[in-house]
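Chemist: Next up is a structure, given as structure tokens.
The values are calculated or read from the model by the stated rules, or taken from the named source; none is laboratory data. Small disclaimer: the values here were computed from a predicted structure and weren't measured. Glycine also receives a Cβ, built like all others from the backbone with ideal geometry; neighbour counts cover every protein chain displayed. With ligands, DNA and RNA removed, areas are computed over all heavy atoms of the protein, side chains included. Shrake-Rupley method; radii C 1.70, N 1.55, O 1.52, S 1.80 Å.
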Amino acid sequence: MNEQEAINWIHKQLKFGIKPGLDRVETLLQKVGDPHKQLKTIHVAGTNGKGSTTTFLREILQQQDFKVGAFTSPYIEIFNERISINGEPIPAKDLVKLVEQVRPICEELAGTEDGAPTEFEIITVMAFMYFVEQSVDYAIIEVGLGGRLDSTNVITPVVSVITTIGYDHIHILGDTVEEITYEKAGIIKPSTPVISGVKQVEAQNIIEKRSRSHQTSVLQLRNDFKNNIVNTNSDEECFTFECEGVKFVDIKMSMKGFHQIDNASLAIQSYLTIATIEEFPVQAESIYKGIHNAYWPGRFEMIQKGPDVILDGAHNVEAIKTLVTTVNSRYERAKVTVLCSFIQNKPINEMLSILSKNYNNIALTTFDFFNNYGYYELKEKYENGNVKVEEDWKKAYNSTLEALEADEVLVVTGSLYFISEVKKALKENN
């Protein structure tokens, strides 16, 4: 088996769909020696901001010479980046070896009452196995969907992090803040501190209640730890962080957007909490360097200047609102053109409405994905004065870019799977 064959086998397991629950993953883990029980983990859940928060925390811990594994999803550039150590994707030979180890077990389980493990369950188990083999000091584990019944929720972490609560995957998690928060708060474990960035009071109350019932504490952004924006420019954000007895001033961040300051603050507070629990010294330099070095592709990522081209995987309503705020803080609205594509089961009406209220030139397009809309369906439902539907995103991208002036901007947004396809195509065309 070569690397592509291994990846193809993993993707074929997608046919088993999303099956919330822990029975299958626990059985699979038991058969490979329960690697998750041999790791020090940090669990990260939330609607938006999981990947960025994970990246910030990983970079801070790396600066202190810790070996840090990270399990994230989805991937943007290559599949292997979903399982990484110190930011380096799992090598092909290790990926192949893991697939060869788990494949016969998965085929065996397919004949049982629980059925075959899903794609995400398999990758989760492979990540645990790899991190144990490589003797990482910490493994940051990002929830795939929800939390309570997510296959990552087999761990007992050092800290649990909940970034934000928003309306995403409502067909699975529920259509109210309370229902969604209940699922996300399912990662909270007894005596494991919780770091929370959620904004809604009703969500905060549910997290507080769950934490009390599990005899643990919650540190809430803007209550127990705070940040203040110092300044912003085209290259970086600068902010101050403070919590009880600690203050760090003029922290410079390369990732763009005021929302990233919140994500960075969650990572800093998580680091401080871990340092207290694990009894290692806090190093201010680790925080400053880690935050500045952090990079997460497809999050307000500028890939060209004059005219500017920005890639941002804003795949739900909250993310679109955040993107609009960030764009409008940097550009005149009349100079902004948007190229976007969304997959099904997303509130496309509301997302397009937000974009249309802010920008006059919006191209809605399709891309190669199993859960995508068809061109004619999009054209019939959504083409109007502000929104033009394009069948070929590459042609739309090229023609739009050619027509822009040097002081204008093209914002490419929507599904992270779309951003992944765009990045891949642009990289191939250099």
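Chemist: Using only C-alpha atoms and all pairs of different ones, pull out the Kirkwood radius for region 37-171 in Å with one decimal.
Modeler: On the way: mean 1/r = 0.0647 Å⁻¹.
By the Kirkwood definition, the hydrodynamic radius is 15.4 Å.
Chemist: In Å and from the alpha-carbon atoms only, list the Rg and Dmax of region 200-296.
Modeler: Taking only Cα atoms of region 200-296, I get Rg and Dmax of 14.5, 45 Å.
Chemist: At a 10 angstrom cut-off on C-beta neighbours, averaged per residue, how do the peptides 49-55, 389-395 rank from highest to lowest?
Modeler: Values: 49-55: 26.3, 389-395: 16.7.
Order by mean packing, descending: 49-55, 389-395.
Chemist: In addition: Bin width 5 Å, origin at 0, all Cα-Cα pairs of region 10-61: what percent of pairs per bin?
Modeler: The percentages, shortest bin first, are 4, 13, 14, 17, 23, 20, 8, 1.
Chemist: Another question, then. Work out the length of the dipole vector of the chain about its Cα centre, built from +1 on the beta-carbon of each Lys and Arg and -1 on the beta-carbon of each Asp and Glu, and round it to the nearest 20 debye.
Modeler: Numbers: 43 positive and 59 negative charges, 91 e Å.
The dipole magnitude comes to about 440 debye.
Chemist: Would you mind putting 174-180, 60-66 in packing order, based on average other-beta-carbon counts within 10 Å, highest first? Please list the in-between numbers first.
Modeler: Details: 174-180: 14.9, 60-66: 19.7.
Highest-to-lowest ranking by the protection proxy: 60-66, 174-180.
Chemist: Over 27 Å between Cα atoms, which of K12/K199; K12/K40; K37/K93 qualify?
Modeler: Pairs exceeding the cut-off: K12/K199; K12/K40.
Chemist: When the helices in the chain are scored as -39500 (n - 2.57) per DSSP H run of 4 or longer and the sum is shared across all residues, what 222 nm value do you end up with, to the nearest 500 deg cm²/dmol? It would help to have the intermediate numbers written out before the result.
Modeler: On the way: 15 runs with 178 residues, N = 430.
Taken over the chain, the calculation gives -13000 deg cm²/dmol.
Chemist: On the protein heavy atoms, probe 1.4 angstrom, tell me the percent of accessible surface of the chain carried by carbon and sulfur.
Modeler: Solvent-exposed carbon and sulfur of the chain make up 46 percent of the total.
Chemist: For the chain, divide the Cα radius of gyration by the Kirkwood radius and give the resulting Rg/Rh value with two decimals. Please report the intermediate quantities before stating the final value.
Modeler: Details: Rg = 21.4 Å, Rh = 22.4 Å.
Radius of gyration relative to Kirkwood radius: 0.96.
Chemist: Can you say what percent of the DSSP beta bridges in region 5-156, counting only those with both residues inside, are antiparallel? Round to 5.
Modeler: On the way: 5 of 13 bridges.
Roughly 40 percent of the DSSP beta bridges within region 5-156 come out antiparallel.
Chemist: Mind scanning K256/K357; K209/K252; K226/K424; K252/K395; K305/K394 and naming the pairs with a C-alpha gap bigger than 27 Å?
Modeler: Values: K256/K357 23 Å; K209/K252 35 Å; K226/K424 38 Å; K252/K395 38 Å; K305/K394 19 Å.
In this structure, K209/K252; K226/K424; K252/K395 exceed 27 Å between Cα atoms.
Chemist: Give the lysines reachable from K381 as a straight Cα distance under 16 Å; neighbours fewer than 8 places away on the same chain don't count.
Modeler: Of all the lysines, those that pass the test against K381 - Cα under 16 Å, at least 8 places apart if same chain - are K346.
Chemist: In addition: For region 130-248, restrict the atom set to alpha-carbon positions and state the Rg and Dmax in Å.
Modeler: Values for region 130-248 (Cα only, Rg and Dmax): 16.2, 45 Å.
Chemist: Can you tell me what share of the DSSP beta bridges in region 157-309 is antiparallel? A percent to the nearest 5 is fine.
Modeler: On the way: 14 of 21 bridges.
Taking every DSSP beta bridge within region 157-309, about 65 percent pair in antiparallel fashion.
Chemist: How big is region 378-430 by Rg and Dmax over its Cα atoms, in Å?
Modeler: 12.5, 35
Chemist: Now, a different point. For the chain, what does the accessible surface come to per residue with a 1.4 Å probe? Please give it in Å².
Modeler: Details: 18400 Å² over 430 residues.
Heavy-atom SASA per residue in the chain reads 43 Å².
Chemist: Another question, then. Taking N as the number of residues in region 97-151, what value does Rg over Cα atoms divided by 2.2 N^0.38 Å take?
Modeler: My calculation over the Cα atoms of region 97-151 gives 1.25.
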